[in-house]
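Trainee: I'd like to ask some things about the structure below.
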Amino acid sequence: MTDAVVRDADPDDLPAILAIHNANIATSTAIWDIEQVGIDNRVDWFRDRTAAAMPILVAEVDGEVAGYASYGQWRPKVGYRFCVENSVYVAERFHRRGLATALLTELIDRAARSGRVHTMIAAIESGNTGSITLHERFGFAIVGQLPEVGHKFDRWMDLTLMQRTFPVEVTSA
């Protein structure tokens, strides 16, 4: 594994996060958007996540942001308030160095310690066996598959839903 520092992201990291995000839009099925986004999109995303006390982490290698991870609310209804969806992205030239593992390790630790996350969902394009295997190593189980719910690169894509739960004590409805 590469010597990486996993830390909380700060606004100065947003250009690097944007570059990784847009590269995934352009070249992969990890993000199902087809139009690249501008820095304002990532600024709003950063503001919304931090305001909701949701972590945004970066993996830094030799002073360079090589990947990022976060989780956000699964759905906007209050009944889902204990359920989050995770995202982990690593710049292509840093693949296979253990950065996704390092990021997901810290993200899961943050969720478990928060006392506010009962369920973490990973929504993964079904052909992304690397991401599915990564999540299985962390105790996620496949709980559903949705055939042909996405379309990108002139093909239909299936979605695999994976889930992991954490103990949370709920004191009110």
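The values are calculated or read from the model by the stated rules, or taken from the named source; none is laboratory data. Predicted model only: the values in this text are computed from it and were never measured. So basically every Cβ, Gly included, is an ideal-geometry build from the backbone, and we count neighbours across all protein chains shown.
Trainee: Pairs only if they're at least six apart or on different chains, beta carbon under 8 angstrom, first in the stretch 155-173 and over 23 Å from Ile132 (Cα atoms), second of a type in the set (Val, Ile, Thr) and at pLDDT 95 or above; list them, first residue then second.
Mentor: Val168/Val117
Trainee: Now for a separate question. Based on what the data block shows, is Arg164 closer than 26 Å to Asp8 by Cβ, touching a Gly at 6+ places or on another chain (Cβ under 6 Å) and among the charged types (D, E, K, R)? Walk me through how you get there before you give the answer.
Mentor: Details: closer than 26 Å to Asp8 by Cβ: yes; touching a Gly at 6+ places or on another chain (Cβ under 6 Å): yes; among the charged types (D, E, K, R): yes.
Yes; evaluated as a whole, the condition is true for this residue.
Trainee: Okay, moving on. Could you list all residues from the stretch 141-173 that are outside any strand (DSSP E or B), of a type in the set (A, V, I, L, M, F, W, C) and surrounded by fewer than 13 Cβ atoms within 10 Å (Cβ to Cβ)?
Mentor: Correct list: Phe153, Val170, Ala173.
Trainee: Go through the stretch 63-80 and report how many residues are touching a residue at least 24 places away in the same chain (Cβ under 8 Å) and either farther than 17 Å from Thr50 by Cβ or in contact with a His (Cβ under 9 Å, 6 or more places away or on another chain) (or both).
Mentor: 5
Trainee: A further question on this structure: Considering (1) loosely packed, with under 15 Cβ neighbours inside 10 Å; (2) at negative phi; (3) small (Gly, Ala, Ser); (4) under 16 Å from the mean Cα position of the chain (by Cα), say which one Gly127 fails and leave the rest.
Mentor: Looking at each condition in turn, Gly127 falls short on (4).
Trainee: Where residues in the stretch 142-171 are under 21 Å from the mean Cα position of the chain (by Cα) and among the basic types (Lys, Arg), which of them is nearest to Ile25 (Cα to Cα)?
Mentor: Lys152
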